Number of protein chains: 2
Amino acid sequence: MELLKQKIREVGVVISDDIIKLDAILNHAVDPALTTAMGKEFARLFREDRVTKVLTIESSGIPIAFATAQELNVPMVFARRKKSLNTDNTEMYSERVPSFTKGLVTDIMVSREWLGEQDRILLIDDFIANGDAARGLIRIIRRSGAELVGVGIAVEKSFQAGGRTIRESGIRVESLARIASLANGEIVFE
Amino acid sequence: MELLKQKIREVGVVISDDIIKLDAILNHAVDPALTTAMGKEFARLFREDRVTKVLTIESSGIPIAFATAQELNVPMVFARRKKSLNTDNTEMYSERVPSFTKGLVTDIMVSREWLGEQDRILLIDDFIANGDAARGLIRIIRRSGAELVGVGIAVEKSFQAGGRTIRESGIRVESLARIASLANGEIVFE
């Protein structure tokens, strides 16, 4: 998606050889026009798949997943990263995953109420690096009996293994921008 | 907003005299049509205020704030609740606030990059109870030199003091649904 790549070139801050900060458009500030366009693109790519729900994980995936759900006119569900007093753990699918950028493990949870055998799930997230969060969500989808129709990622760091390993497991993964390298502070797209 | 009240009556689960679970539309699953309508309503209410940014806090406020930002065609910024390896704390406005539903304190943070003296901020959140998160965000807005044009809340629990105390401080607060009581498991709107 050319518009996204252009924005990444404009605002991306390369922190190290494997981290790029996209706070200006994805992870802190959000550009509604760009995000709406990303949602339309995911909706176009998965339009034929009779998606019943768009699943993401808090927080940065939410705007993109929401824009996709708007376009497909289906509910959006966001996995939570820990429990609060409002949730009852016996009602939740839960998976423990490491977080690449946060440097710690988190429990990701989706209530059993929102995923079931009748569901056809489109999984959306902002970034894929090692793919731990995505794999945790995929395990949750499998356990619920729902069907995963595919994974939509805004920015894939294709020099890390996440996208590749998920594709190799037979799942369709669509990334709107694929970064091949961040070496020497330079953003190189595939 | 009648549509929101109707949905709250349909899906709201009263947990106690002061907690209502709205996971079906706000806090876990999100109804895109309803959320888009809420965004349009906030945009209508604050259309004349020359808003430059919509500010919210992760996670449940994000879809509503995003829908409002779409309609006003301005960026949306979401405050983060803690730091990750990608953030540098000296660049952040930070406030420590208690969380009513989570039963703990959290640090809320907004990068100095996204709030400045030239900004006119519309603060959006899903719920207001005691108003601690909103007051933390308001302190951050004040410190940045930005102007707060008002606060838009999806669901105000008006039997708790948050909305009232913020209004009493001279800030415009618009709530789309105001719950006067949850006593005896019954949802009573104002």
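The values are calculated or read from the model by the stated rules, or taken from the named source; none is laboratory data. All of these numbers come straight from a predicted model, not from anything done at the bench. Please note: Cβ atoms are built from the backbone with ideal geometry, for glycine as well, and neighbour counts cover all protein chains shown. With ligands, DNA and RNA removed, areas are computed over all heavy atoms of the protein, side chains included. Shrake-Rupley method; radii C 1.70, N 1.55, O 1.52, S 1.80 Å.
Of all residues in the range B:126-139, none satisfies being part of a loop (DSSP other than H, G, I, E, B) and of a type in the set (Phe, Trp, Tyr).
On the stretch given as the range A:109-126, residues that are within 19 Å of A:Asn73 (Cβ to Cβ) and open to solvent by 20 Å² or more (accessible area, probe 1.4 Å) total 3. Here are some residues: B:Glu41, B:Glu95. Which one is part of a strand (DSSP E or B), surrounded by fewer than 23 Cβ atoms within 10 Å (Cβ to Cβ) and among the charged types (D, E, K, R)? Criteria check complete, one pass: B:Glu95.
Checking A:Leu3, A:Leu22, A:Leu72 one by one, the residue that is hydrophobic (A, V, I, L, M, F, W, C), more than 10 Å from every other protein chain (Cβ to nearest Cβ) and in contact (Cβ under 8 Å) with a residue 12 or more places away in the chain is A:Leu3 and no other. Of everything in the range B:46-69, what is assigned to a helix (DSSP H, G or I), within 16 Å of B:Leu4 (Cα to Cα), in contact with a strand residue (DSSP E or B) (Cβ under 7 Å, 6 or more places away or on another chain) and more than 7 Å from chain A (Cβ to nearest Cβ)? Give them in sequence order. The answer is B:Gly61, B:Ile64, B:Ala65, B:Thr68. Looking across the range B:156-183, the residues that are buried (at least 21 other Cβ atoms within 10 Å of the Cβ) and farther than 22 Å from B:Arg47 by Cβ come down to B:Lys157, B:Gly162, B:Ile179.
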